[in-house]
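The values are calculated or read from the model by the stated rules, or taken from the named source; none is laboratory data. Keep in mind the model is a prediction, meaning the values are calculated, not measured. Here Cβ is always computed from backbone atoms with ideal geometry, including for glycine, and neighbour counts include all displayed protein chains.
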Amino acid sequence: MTDLETRTSGRPGALRRAAPALLGYAAVRALGLLALALWSAARDKSAYTLLTARWDSLWYTRVADLGYGYEVRLPGGDVHSNLAFFPLLPWLERLGAAVTPLSYADAGFVVSLLASLAAAWGIFAVAEHVYGARVGGCAVLLWAVLPVGVVQSMAYSESLFTALAAWSLYAVLTGRWVTAGTLAALAGLTRPVGLAVTAAVWAAAVVAFTRSQSGGGADGGHRPALVPRVGARRLLGMLLAPLGAAGYVLWVGHRTGKGPLGYLDVQAGWRNGFDGGAAFARFVAEKFTSFPAALAGVGLVVGVALLLWLYVVGVRQRQPLALLVYTGIVMALALCASSYFGSKPRLLLPAFPLLLPLARALARARASRAVPVVCGVAVASAVYGAFWLNGSGPP
């Protein structure tokens, strides 16, 4: 746990160890999809359409089908451009449609399902590496039963991003720097928050470099033949990590003719930006001007306080630096964005290290207590997810 450079996980049977957690994850997601299907049928809606052909899913499939350049001009003057959506998911949708009979929407759904399993496995791998297999299994189940867990099964990019981020972080923890950088670059092609993965790789690499300069090998001895090769791989990983996000952002700037920061103008057309949380604070404060809206305000305040508390607990429990950097940036970008307040729970979905303190507590509990709690929360999550997606607004 304290030497990210040399600790490796070459133990056999990685999938076998993760299998119980993955089966539990699949069961929770199946319950959520069943609840969505039943709720949607009762309202004469298509659950599959809600998962694959509404809100952001439509923007991704348009990119896959038509490429970039599509935009919607709203009466108020705002311009919603599909350049706001990063390209990896549409590329995979196009690939899936090219090699199978699936439509772009179908391919996006399949990608999300497979990516959600890969993400669950990555979360298990990270948690197992740091705290052990039992905590790893609990972390996966907690990620599955999040109130917004149904997004993991949608043709959105959250599952794909979380899978890439989790495995990149695992590669950092096990000293696989080139793999970490490559996965970070792919995460940067998936969502703007790929910045968090790059920052985690860089922070851990800098600390590892400092330790190698001062202390040598993990056993305290110097390894002159090994250190240069490790240092070269670490440097290569650092160089690879930002290429995905930087490449796309620079390409958008070139395409729009607005230079390196052109992507920010694209986001401004969606009324989205980073204001340090001022707009979100005003949104929450406005809830307290009437009743029962004040109850929602209380819920938001409690929710944000819980997130901050979990992060502080993670710091106190000495989570690895890479996890803390990654989680901190994901939280900051989600909570301090100036628009789409209803989407903030979804934007926080990739911040899985926040669940590790809860997973540790759950792992210590007796099975006779833990199992009913997890099952009850899974049912509540399934019902809430069905209600949420059948609402009028985007998740």
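The figures follow:
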{"read-out": "Within region 244-263, tally of residues that are among the hydrophobic types (A, V, I, L, M, F, W, C) and buried (at least 18 other Cβ atoms within 10 Å of the Cβ)", "value": "3"}
{"read-out": "Yes/no for V249 being farther than 25 Å from P353 by Cβ and not in a loop (DSSP other than H, G, I, E, B)", "value": "yes"}
{"read-out": "Wholly enclosed helices (runs of 4 or more DSSP H) of region 335-395 bearing at least 1 residues surrounded by 15 or more Cβ atoms within 10 Å (Cβ to Cβ) and within 17 Å of the chain's Cα centre (by Cα)", "value": "344-347, 356-364"}
{"read-out": "Residue check for V298: of a type in the set (V, I, T), part of a helix (DSSP H, G or I), more than 18 Å from the chain's Cα centre (by Cα) and modelled with pLDDT of 90 or more", "value": "yes"}
{"read-out": "Top-ranked residue of region 345-395 - restricted to ones that are of a type in the set (K, R) and in contact (Cβ under 8 Å) with a residue 12 or more places away in the chain, ranked as farthest from S159 (Cα to Cα)", "value": "R360"}
{"read-out": "Complete set of residues in region 27-67 that are surrounded by 20 or more Cβ atoms within 10 Å (Cβ to Cβ), under 17 Å from G96 (Cβ atoms), out of contact with any Pro (no Cβ under 6 Å at 6 or more places or on another chain) and small (G, A, S)", "value": "S57"}
{"read-out": "All positions within region 174-185 that are of a type in the set (A, V, I, L, M, F, W, C) and surrounded by fewer than 24 Cβ atoms within 10 Å (Cβ to Cβ)", "value": "V178"}
{"read-out": "Members of region 72-95 found to be without any contact (Cβ under 8 Å) to a residue 12 or more places away in the chain and part of a strand (DSSP E or B), listed by number", "value": "V72, R73"}
{"read-out": "Among residues of region 323-378, those that are of a type outside the set (F, W, Y) and over 22 Å from V197 (Cβ atoms), counted", "value": "23"}
{"read-out": "Selection within region 225-246 - at pLDDT below 90 and part of a loop (DSSP other than H, G, I, E, B)", "value": "A225, L226"}
{"read-out": "Residue identified as of a type outside the set (V, I, T) and either over 21 Å from the mean Cα position of the chain (by Cα) or over 18 Å from S112 (Cβ atoms) (or both) among W39, W55, W91, W59", "value": "W39"}
{"read-out": "Residue match in region 154-161 (condition: without any contact (Cβ under 8 Å) to a residue 60 or more places away in the chain and closer than 19 Å to A21 by Cβ)", "value": "yes"}
{"read-out": "Condition met for A322 (farther than 26 Å from S392 by Cβ and out of contact with any Pro (no Cβ under 6 Å at 6 or more places or on another chain))", "value": "yes"}
{"read-out": "Criterion (crowded, with 18+ Cβ neighbours inside 10 Å and either touching a residue at least 40 places away in the same chain (Cβ under 8 Å) or farther than 26 Å from L355 by Cβ (or both)) met by exactly one of A107, A133, A98", "value": "A107"}
{"read-out": "Single residue of V126, V130, V140, V111 found to be over 25 Å from L31 (Cα atoms), within 18 Å of the chain's Cα centre (by Cα) and β-branched (V, I, T)", "value": "V126"}
{"read-out": "Sole exception among (1) in a helix (DSSP H, G or I); (2) out of contact with any strand residue (DSSP E or B) (no Cβ under 9 Å at 6 or more places or on another chain) for V266, by number", "value": "(2)"}
{"read-out": "Within region 167-210, tally of residues that are within 20 Å of A120 (Cα to Cα), polar (S, T, N, Q) and assigned to a helix (DSSP H, G or I)", "value": "3"}
